[in-house]
Amino acid sequence: MVGAGTQLAKQVYVVRVQGRIRPPGDKSISHRALMVAALTRATIEVKGILTAADAKSAARVLRQLGVDVSPMQRGRSVYVRGRAWRRPVATLDCGNSGTTARLALGALAGHRFETRLSGDASLRRRPMRRVTRPLVDMGAVVTEEAGDCLPLSIRGGNLSSIRYQSPVPSAQVKSAILLAGLAGNVPVTVVEPVRSRDHTERMFQFLGFDVQKDENEVIFRGAGADWPRVDDFVLEIPGDASSAAFLVAAALMATGGELLIEYTGVNPTRTGFLEVLARMGALVTRENERRVCGEPVADLIVRPSNLNATEVGADEIPGLIDEVPVLAVLAARAEGETIFRSVGELRVKESDRLTLIAQNLRAVGASAEVQGEDLVVVGSDRPFCGKVETARDHRLTMAFAVAGFAAARNIELSESNSAAISYPGFFQDLHRIMLRD
Ligand code: S3P
């Protein structure tokens, strides 16, 4: 059993937060921008794209399919010249990126050639049938080599329309089906148990496609008579809310100062962590709210806060699935017992995040336990100290790096390079905003 909550004493370490910072481009939206642009017969300029390893995996895969994607460099636009995809000569290497693999599978379902996809060791243990099953129902032919996992081959074809009731709330499943509908020119409907992030449908709407969103259902009827021959257009990518979450957490755990996080995506299907943090007593305000290519964006102002425990319900999980590691770290500093309900999905992320969050929190002296599908964390003011196994999982690395800052660097990470999967320059940014007295 996890011990009872303890009364929190004054924080031990003095770490001031300061300045303003802009998180890197949103990983999910960057993927969708590349995929949709690649399916056109136009030249698309993508501003603010994420230049991290995962987005580069998507660009590499598209180049293997014959699409012209300009080099991805920080601070520079990427130009995608869409064209008819051709059968790749080699296996598509999706690297560490589940989003690349699953979105590419969807788009490939609309193409009449066979493609083999694989990825790194982490990606090769992640489930793919959740995506291939509906694509097969639509008419794609899938040849498995390793059961539910990569590598596998897909031959797209004459797709038929589908109304798919997804058993998992997954934006990757939903987006794969929407991209299959777009690439294969068939209407599709996806119904989810709980609404997942809606970037694909927002991008479709922004481009004027016939798409209707209703509670947990999205209906895509077509991209218009001229598709894929559209005029050249520009897409702008907001800062990644999930990357911003680490900066928010660092600022909340500081003992003084204030942080301004600029140009952050605040799509309500992604800001579950901000709602949970507000409940916990976090001082986070939004300013300058605006819309960029159909996505809500704001500047966040974060001040150090004393947090209280909360219960995070099963229905809230899809809206904060990538933020559970960092929220769990914050929960270990909050007063009382925090419960994350039904977080079994974390077992099939880049690592078995559920087991590793609990294991690593215990390794640094915090109190955490997996109880069935729930994660229970009991807060205390005990300084974090110990070794963390990141399993090369970027979100574990960054969550515990933030914990390390609050613990005056008494946390040793097994590696730190994995942060670059979604946030190149993360450690420089963290050093820039945090000052130790
Ligand atoms: C993503 C959806 C989520 C998330 C992942 C990115 C996306 O995965 O964890 O980091 O871009 O669609 P699931 O769709 O598997 O929940």
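Miscellaneous remarks
- In the condition set (1) touching a Cys at 6+ places or on another chain (Cβ under 9 Å); (2) farther than 30 Å from L330 by Cα, P238 is compliant with all but (2).
- Which numbered condition L105 misses (of (1) of a type in the set (A, V, I, L, M, F, W, C); (2) within 15 Å of the ligand (Cβ to nearest atom); (3) part of a strand (DSSP E or B)): (3)
- Leading residue by the ranking (surrounded by the most Cβ atoms within 10 Å (Cβ to Cβ)) among those in the stretch 221-242 that are of a type in the set (G, A, S) and over 16 Å from V324 (Cα atoms): G239
- Flag if R163 is more than 12 Å from the ligand (Cβ to nearest atom) and within 22 Å of H111 (Cβ to Cβ): no
- Selection status of G319, at pLDDT 95 or above and open to solvent by less than 20 Å² (accessible area, probe 1.4 Å): yes
- Pairs meeting the criteria (first residue in the stretch 231-258 and over 20 Å from F427 (Cα atoms), second residue assigned to a helix (DSSP H, G or I) and modelled with pLDDT of 95 or more, beta carbons under 6 Å, at least 6 apart or on different chains) are L235/A33; I237/I29; I237/S30.
- For the stretch 110-163, a tally of residues being closer than 30 Å to S418 by Cβ and assigned to a loop (DSSP other than H, G, I, E, B) returns 9.
- Matching residues in the stretch 180-206 - criterion: being within 11 Å of the ligand (Cβ to nearest atom) and either open to solvent by 20 Å² or more (accessible area, probe 1.4 Å) or within 15 Å of D137 (Cβ to Cβ) (or both): V194, R197
- Per-region count, the stretch 243-267, residues open to solvent by less than 20 Å² (accessible area, probe 1.4 Å) and assigned to a strand (DSSP E or B): 5
- Complete set of residues in the stretch 130-152 that are under 21 Å from A171 (Cβ atoms) and open to solvent by 50 Å² or more (accessible area, probe 1.4 Å): R133, V136, D137, D148
- Among residues of the stretch 346-394, those that are closer than 15 Å to L123 by Cα and not hydroxyl-bearing (S, T, Y), counted: 11
- The residue list R291, R279 contains one member that is farther than 20 Å from A407 by Cα, part of a strand (DSSP E or B) and open to solvent by 20 Å² or more (accessible area, probe 1.4 Å), which is R291.
- Listed by position, the helices (runs of 4 or more DSSP H) contained in the stretch 323-437 that have at least 2 residues being open to solvent by 10 Å² or more (accessible area, probe 1.4 Å) are 353-363, 394-406, 426-433.
The values are calculated or read from the model by the stated rules, or taken from the named source; none is laboratory data. Treat the numbers as computed from the prediction; the structure is a model and nothing was measured. Here the Cβ is made from the backbone with ideal geometry for all residues, glycine too, and neighbour counts use every protein chain on show. The protein model used for the area step is the full one, side chains on, heavy atoms only, and it has no ligands, DNA or RNA in it. Shrake-Rupley method; radii C 1.70, N 1.55, O 1.52, S 1.80 Å.
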